[in-house]
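So the structure is just underneath, and the comments pick up after that.
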There are 2 protein chains.
Amino acid sequence: MQKRKHVEEQRGAGRAQIFELIRKAGSIARIDIAKATLVSPATVTAITSELIDAGLVEEITPDTPRENAKRGRPRVALKVRGDAFYVAGVKVARDTISAMLVDFEGTEIASQETALELSTMTPEALAKSIFGAVSDICSDNHLPLENLSAVGVGLAGLVDAARNFVHWSPSLDRRNVDIGAALSLHLDCPVMVENDANLVAKAEQLFGLGRTISDFVVVTIEHGVGMGIVIDGQLYRGARGCGAEFGHTKVQLEGALCQCGQRGCLEAYIGDYALLREANSVLPGAAVSTLAELWELAQSGNDQARTVFERAGKIFAMGLANVVNIFDPEMIILAGHRADFDHLNLDGVIEELANHVVEVDAPMTKIQAHQWGDRMWAKGAAAYALDGFSALKIREVSATTG
Amino acid sequence: MQKRKHVEEQRGAGRAQIFELIRKAGSIARIDIAKATLVSPATVTAITSELIDAGLVEEITPDTPRENAKRGRPRVALKVRGDAFYVAGVKVARDTISAMLVDFEGTEIASQETALELSTMTPEALAKSIFGAVSDICSDNHLPLENLSAVGVGLAGLVDAARNFVHWSPSLDRRNVDIGAALSLHLDCPVMVENDANLVAKAEQLFGLGRTISDFVVVTIEHGVGMGIVIDGQLYRGARGCGAEFGHTKVQLEGALCQCGQRGCLEAYIGDYALLREANSVLPGAAVSTLAELWELAQSGNDQARTVFERAGKIFAMGLANVVNIFDPEMIILAGHRADFDHLNLDGVIEELANHVVEVDAPMTKIQAHQWGDRMWAKGAAAYALDGFSALKIREVSATTG
């Protein structure tokens, strides 16, 4: 029956809402859940019993403040059961793979980083590398692999997170890879794959500069250029899971050739490879092979090297301006290794930006650089897996209790 | 007290949620409201009584189907009181001003269009024109002006809707205009001013192609280029109310000069004025003064005229591709007078678009052209005023009942 189905869906949504509230609150009494959600106390009692029976939530008796002690029995609160489940987060970078282990409350247990032999791999080799990082961190921390409940994985490229499907990634030697299937040959638990910049946005939201704001954009610049968008507190992915392709927005009709095969992409002007390419086409004599070399040349007074960085900075400002003109976010967070921003001259970029953003007599979108290593990207991956796994468990509860 | 305040806010949110549900349902019984919202039946009864007392909602007894008739008294349902309030919507275009009158259920009572003498006015003259359109439609329909509850106004330009403040509009002869204050000299009821493309998005969502989708983008091309963004069913405005400035996204570093004063804006390549400007700089002999003339020239085989349109189409495709690359929306709706799109060669634009959008093996964002006149823009303005006025009334109820 249509109506019955609707009521069940509402009940399921109520379970998810209440679990999320308990997690965010740390610990909270049933009556406060009812007040905060407008759900009736009877329904709150029913739903929280289901969550306790499923092992997701536990009762605790908080230390009772003196003044309330005389009022009789102490108020019982509910909290998420930290030791109920463990999940891992993995970030695959160009040269390294990072993993982190967290408990069901999101508390970090351990993290580690391993070098990668190749940056571009077959799906099988990538799945093996990810599995290796996960099994290492588990065994190092005496957690049997079968006790791991979920794994979150962050990859650069075009990822359809709903299907664990990679349209394209610089870490893979081919397009259209069902990386979820490749990983399931090694891992029995649920795996959740997501674009790495989206996971940085998730990490910024939970642990970083995005904690107190509801609309922000994260831009990552490393070998390529990534973007994660948070709107109204939610990661925005687009209709096909392929939004936020900032690096492939076009800044010039029929412009420079990009590694994606198209022309005029922002990335083809500001990515590491783009700068080296331009430098080697204009610098006379010996070729430069790293950005550090080129940077040193520019710092030592080589005008041609300097102008390569200058143009990149100008075009980066133009690209950022388009994000401001379309989104007008509260904040743009430039995340990644700080070194990667130095050569774009952030202060100059912010100044240049003002020439491209539609003029209003109001303060500009804040631009903040935030340096953090792959460890924090892995933390974003773990948080993402925690979210996904919790949702799975809530759906399980809904399926068994109807 | 903090907690008490929180509970009140929740109660207020419950009122808004329940009113919105009643409006969307057309008519709905109290028990079905409780089921659909998870709000307890007792709270539903309390809140709906408040809404009835405030005159926003009324009880009706739907025609009872035969089979249920024997079960005793017919089930009472609730609906929004259509004749409780009347609101007007106004769209200010370049040469005309359109107005529409709707009742509290959103049913259209009347609409009319008047020519404007000037396209750019002082704040006082614009306020007078808007007031004239509103008072005319009221008197023509025998509605005393003092019985009008709210007015929604759509303007081109940068509008901070929360403050009825215009940063910049082609309809005004100066920047930074408190148009809300100017209108309040003429109108006693609440006035809600919004960017006109946002109102088209609102109209598409309520009455047009956006009815069944939750994420879409509306692009309007007339004299200038506008955009409205709907994400997760909500109009997205950005942090300063200045998002969705598609026309001023930059498509060329240090490119063509735009009417906004900056360089390289999309609008400076595809707006009406931009095409005429380019045509007159390359066509030998007599100048063209309208797009229709230029179009005729191109159709009659003039290669220079043709190439002006071709470039505009290419740059439009590049601009649209950036929207797809960033948002990946389900649909982009090109709204406005159909004639304005002919010269951009929509089929060619869609073909060209594929060269600029990041490649995935999934169907492309749908691009749909939707021709409708200023009457529908006015309908969007009326719907916007209805939303805003309802929210005001709900807050009033919350303030009086605590």
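Below are the figures for this structure:
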| item | result |
| --- | --- |
| Looking only at the range B:235-258, and only at residues there that are more than 7 Å from chain A (Cβ to nearest Cβ) and surrounded by fewer than 23 Cβ atoms within 10 Å (Cβ to Cβ), the one that is farthest from the chain's Cα centre (by Cα) | B:GLU254 |
| Pair list, Cβ < 8 Å and 6+ apart or interchain, from the range A:348-370 residues that are touching a residue at least 24 places away in the same chain (Cβ under 8 Å) to residues that are acidic (Asp, Glu) and crowded, with 17+ Cβ neighbours inside 10 Å | A:VAL358/B:GLU245; A:THR365/A:ASP328; A:THR365/A:GLU330; A:LYS366/A:GLU330; A:HIS370/A:GLU204 |
| Within the range A:125-168, considering residues that are within 15 Å of A:CYS189 (Cα to Cα) and in a strand (DSSP E or B), the one nearest to the other protein chains (Cβ to nearest Cβ) | A:VAL153 |
| Hits in the range B:174-224 (condition: small (Gly, Ala, Ser) and over 13 Å from B:GLY380 (Cβ atoms)) | B:GLY180, B:ALA181, B:ALA182, B:SER184, B:SER214, B:GLY224 |
| Total residues in the range A:274-283, condition at pLDDT below 90 and either acidic (Asp, Glu) or assigned to a loop (DSSP other than H, G, I, E, B) (or both) | 1 |
| Total residues in the range A:144-169, condition without any contact (Cβ under 8 Å) to a residue 60 or more places away in the chain and among the hydroxyl-bearing types (Ser, Thr, Tyr) | 1 |
| Qualifying position, being more than 14 Å from every other protein chain (Cβ to nearest Cβ) and buried (at least 24 other Cβ atoms within 10 Å of the Cβ), among A:GLU293, A:GLU267, A:GLU204 | A:GLU204 |
| A:LYS202 part of a helix (DSSP H, G or I) and either on the phi > 0 side of the Ramachandran plot or at pLDDT below 95 (or both) | yes |
| Hits in the range B:354-386 - residues which are within 12 Å of the chain's Cα centre (by Cα) and modelled with pLDDT of 90 or more | B:ALA378, B:LYS379, B:GLY380, B:ALA381, B:ALA382, B:ALA383, B:TYR384, B:ALA385 |
| Given (1) crowded, with 18+ Cβ neighbours inside 10 Å; (2) within 19 Å of the chain's Cα centre (by Cα); (3) under 24 Å from B:ALA239 (Cβ atoms), index of the condition A:ASN322 fails | (2) |
| Number of positions in the range B:214-273 that are assigned to a helix (DSSP H, G or I) and either polar (S, T, N, Q) or over 21 Å from A:THR365 (Cα atoms) (or both) | 6 |
| Residue pairs meeting the criteria (Cβ under 9 Å; at least 6 apart or on separate chains; first within 14 Å of chain B (Cβ to nearest Cβ) and over 12 Å from A:SER129 (Cβ atoms), in the range A:170-186; second surrounded by fewer than 19 Cβ atoms within 10 Å (Cβ to Cβ) and β-branched (Val, Ile, Thr)) | A:PRO170/A:THR120; A:ARG174/A:THR122 |
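Yes or no, residue by residue, for (1) under 17 Å from A:GLY224 (Cα atoms); (2) exposed (fewer than 14 other Cβ atoms within 10 Å of the Cβ); (3) within 13 Å of another protein chain (Cβ to nearest Cβ):
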| residue | (1), (2), (3) |
| --- | --- |
| A:VAL282 | no, yes, no |
| A:VAL288 | no, no, no |
| A:GLU310 | no, no, yes |
| A:PHE316 | yes, no, yes |
| A:ASN355 | no, no, yes |
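The values are calculated or read from the model by the stated rules, or taken from the named source; none is laboratory data. All values derive from a computational prediction rather than experimental measurement. FYI the Cβ positions are ideal-geometry reconstructions off the backbone, even for glycines, and counts take in every protein chain you see.
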